[in-house]
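Beneath this line is the structure, given in C-alpha cells, with notes to follow.
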Amino acid sequence: MSATKRFYEGCAAAGMCPVHSGTLDVLDRLELDDNSTDLICYCEYDYHGIDRKLYSQGCITMESAKRLISLGLATDEIECFVECWGEVAA
C-alpha cells in the first residue's frame with residue numbers, strides 16, 4: 001500500500017477529511033460570510049511520514065465535510081475525498 005493511500009485511509013478511519021491550505025482559506029471565508037462558527041469543525045491529523053518524522057495535517061471532520069456537501073458548499077477536494085473514503089470513516 002502506498003504511503004498516500006495509508007495516509008488517506010488513516011484520516012478517514014479517524015473521521016477526518018484532510019484539506020490543503022487553499023481549501024482552509026475558502027472554508028474560513030465561507031464561515032465569515034455565513035456568520036456561523038459551528039458549520040465546520042476543524043481538527044489536526046498527526047501521522048508519521050516515510051522518514052519516520054511526526055507531521056500534522058489540517059483537516060475538517062468527516063461530519064463537517066458531509067454537511068458541506070449536503071449544503072452544496074463543499075470544494076472539489078472535499079467532495080472527492082468523501083466520495084473515495086467516506087465509507088471508511090468511523
Restricted to region 1-41 and to residues being modelled with pLDDT of 90 or more and in a loop (DSSP other than H, G, I, E, B), the residue surrounded by the fewest Cβ atoms within 10 Å (Cβ to Cβ) is HIS20
Matching residues in region 45-57 (in contact with a strand residue (DSSP E or B) (Cβ under 7 Å, 6 or more places away or on another chain) and surrounded by fewer than 16 Cβ atoms within 10 Å (Cβ to Cβ)) number 6
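Name the residue, out of TYR8, TYR55, TYR45, that is over 21 Å from GLY86 (Cα atoms) and of a type in the set (Phe, Trp, Tyr).
Details: TYR8 fails: over 21 Å from GLY86 (Cα atoms); TYR45 fails: over 21 Å from GLY86 (Cα atoms).
Sole residue among the options that is over 21 Å from GLY86 (Cα atoms) and of a type in the set (Phe, Trp, Tyr): TYR55.
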Here is a list of conditions, (1) over 12 Å from the mean Cα position of the chain (by Cα); (2) at pLDDT 95 or above, and LEU71 meets all of them except one; can you say which number that is? (2)
Can you find a residue in region 55-76 that is in contact with a Phe, Trp or Tyr (Cβ under 8 Å, 6 or more places away or on another chain), under 21 Å from VAL88 (Cβ atoms) and aliphatic (A, V, I, L, M)? yes
Residues being hydrophobic (A, V, I, L, M, F, W, C) and within 9 Å of the chain's Cα centre (by Cα) - total across region 1-26: 5
Does region 43-84 hold any residues that are in a helix (DSSP H, G or I) and of a type in the set (Asp, Glu), and which are they? GLU63, ASP76, GLU77, GLU79, GLU83
Are any of the residues in region 60-83 exposed (fewer than 11 other Cβ atoms within 10 Å of the Cβ) and touching a residue at least 12 places away in the same chain (Cβ under 8 Å)? no
Taking region 27-38 as the region of interest, how many residues are within 14 Å of the chain's Cα centre (by Cα) and closer than 17 Å to LYS66 by Cβ? 1
Quick one: in region 42-63, which of the residues that are in contact with a helix residue (DSSP H, G or I) (Cβ under 9 Å, 6 or more places away or on another chain) and of a type in the set (Gly, Ala, Ser) is modelled with the highest pLDDT? GLY58
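The values are calculated or read from the model by the stated rules, or taken from the named source; none is laboratory data. Since we're looking at a predicted model, the values are computed, not measured. Cβ atoms come from the backbone with ideal geometry, glycine included; neighbour counts cover every protein chain shown.
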